[in-house]
Amino acid sequence: MMSNSEKTTLLILVDSLILLVALLLSMLPIKEASIIPEYLVGFLRIMPLWLIMYFTEGLYTLKTHNPAELPISLIRATTFAGLISFVIMYFAPGELRHIFPGTRILIIVLVSPYLMFEWRQFFFKFLSTGTRIRNTLLIGSQETIDTCVFEIDRKPYLGYKIVGTHSNSESEFIIPKDLNLIAIERSVVKDEALFKKVFSMLGTGVEIMDLAHFSEKISGKIPITSIDQTWFIEFCGLQKSATFDLLKTFLDRTVATALILLLLPLMIFLIPLLLIVHGRPIFFKQTRVGLNNKNFTLYKLRTMVVDAEKAGAQWAKPGDARVTFVGAILRKTRLDELPQLINIFKGEMSLVGPRPERPEIIKSQLEPNIPYFSLRHLVKPGVTGWAQVTFRYGFTIEDSKEKLQFDLFYVKNRSLWLDVLIIAKTIKTVITGAGQ
């Protein structure tokens, strides 16, 4: 069975080949074969840009990509890549403009999404049939089982077939034949007879995996119904190396400083505009919970009417009447988040991490209803995060529970590579205007 990293590598290689095929098609009829190498070398200079666009769309993140969005993702990524390529070629030296006139780029934009769509349809069908499928048994809480079944049903290319489930509420248990994998919840250890039956499968060629880890592999989140305190000790008790923390802090402050300087002209434009439209105060300050459950003051541009919370702390909701017209634009473009660069520079926040929540909402609504909620504060909060780019804007306790599962995935798996992926997805969200 191919791993997700191997599948991703193959997707990238074939996508690169498809882009080159689209280039050759754009050159028809070819009068002189001797010029083909020159055209190929020229296109190789800008092809990484196209692959970055596909990466930003999440086309190489198989565990979280929604196959139903594949056509629009391919069209959107290819269109943006074509537009940027056209701008680059416009300012490029004369020989490159000769190689890539606008019509040639347009042909590549029209041809490559169709070829990539057909390639993925074939590849995903290939991965979801025959010996490439692993017969899987799920044992644990019904909520986690339902999540796993849902994810596998819509993403069969991950290579799993559910041949049996057993929830904690069921009494009888029979292990199906021809099993390849058993994903079992930690709490099952308390059921001695059941645990012995599963344990006896070790050494028979059947892989046995923690159910929470299996769910993490196929959904990009940690199911809180399938973990306990021992999970946090095992995976979150040890902090990342001092080198990782120092490098992340250095990059955060370097990027924050660069963005403050780069966006200063925009702030000089926004502040008078907000003074005219909103009046004072321009900036909005609010207490949030940060690293190790310590409070700090978060800064934003004000997007709501004055005294928006005179009735008490509450979540913003879609279509919230308290949000002004200009405020809605600031939220959609994420410009209201710009002052948080100050929080990053002060070391209170990171570019990437769980979004900081308000202490009064945590105390009154979230901690009493969501187990382990405060443990998301094992890392610095961020301007953007894994939950923000993989889940919709949340304004209920159920939404917060779902987002916590994505936050715990980040706490467990945080790395510079994951940060790059999140930032890329955030750029896509801002460009497409998704979310709130």
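The values are calculated or read from the model by the stated rules, or taken from the named source; none is laboratory data. Here the structure is a predicted model, which is why all the values come from computation and not from measurement. Heads up, the Cβs are rebuilt from the backbone with ideal geometry, glycines too, and the neighbour counts pull from every protein chain shown.
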_Just the residues that are among the small types (G, A, S) and crowded, with 18+ Cβ neighbours inside 10 Å, please, taken from the range 52-80._
G58, S73, A77
*asked:* If I174 meets every condition in (1) under 26 Å from the mean Cα position of the chain (by Cα); (2) outside the structural domain of A68 (by TED's automatic domain parsing) apart from one, which number is that one?
replied: (1)
*Mind listing whichever residues of the range 197-228 are at pLDDT 90 or above and part of a helix (DSSP H, G or I)?*
L211, A212, H213, F214, S215, E216, K217, I218, S219, I224, T225, S226
*asked:* Please count how many residues of the range 265-293 are assigned to a loop (DSSP other than H, G, I, E, B) and free of Cβ contacts under 8 Å to residues at least 60 places away in the same chain.
replied: 5
*Could you grab me the full set of residues in the range 263-295 that are buried (at least 17 other Cβ atoms within 10 Å of the Cβ) and at pLDDT 90 or above?*
R288, V289, G290, L291
*asked:* Of the conditions (1) small (G, A, S); (2) in a helix (DSSP H, G or I); (3) under 27 Å from the mean Cα position of the chain (by Cα), A193 satisfies every one except a single condition; which number is it?
replied: (3)
*If you go through the range 373-390 one residue at a time, do you hit one that is surrounded by fewer than 20 Cβ atoms within 10 Å (Cβ to Cβ), without any contact (Cβ under 8 Å) to a residue 24 or more places away in the chain and of a type outside the set (S, T, Y)?*
no
_Odd one out for N413 among (1) exposed (fewer than 15 other Cβ atoms within 10 Å of the Cβ); (2) of a type in the set (S, T, N, Q); (3) farther than 18 Å from S219 by Cα_ = (3)
_Please go through (1) modelled with pLDDT under 90; (2) more than 25 Å from V255 (Cα to Cα) for K425 and return the number of the only condition it doesn't satisfy._
(2)
*Residue, farthest from H278 (Cα to Cα), within the range 313-337, restricted to residues that are of a type in the set (S, T, N, Q) and modelled with pLDDT of 80 or more*: T333
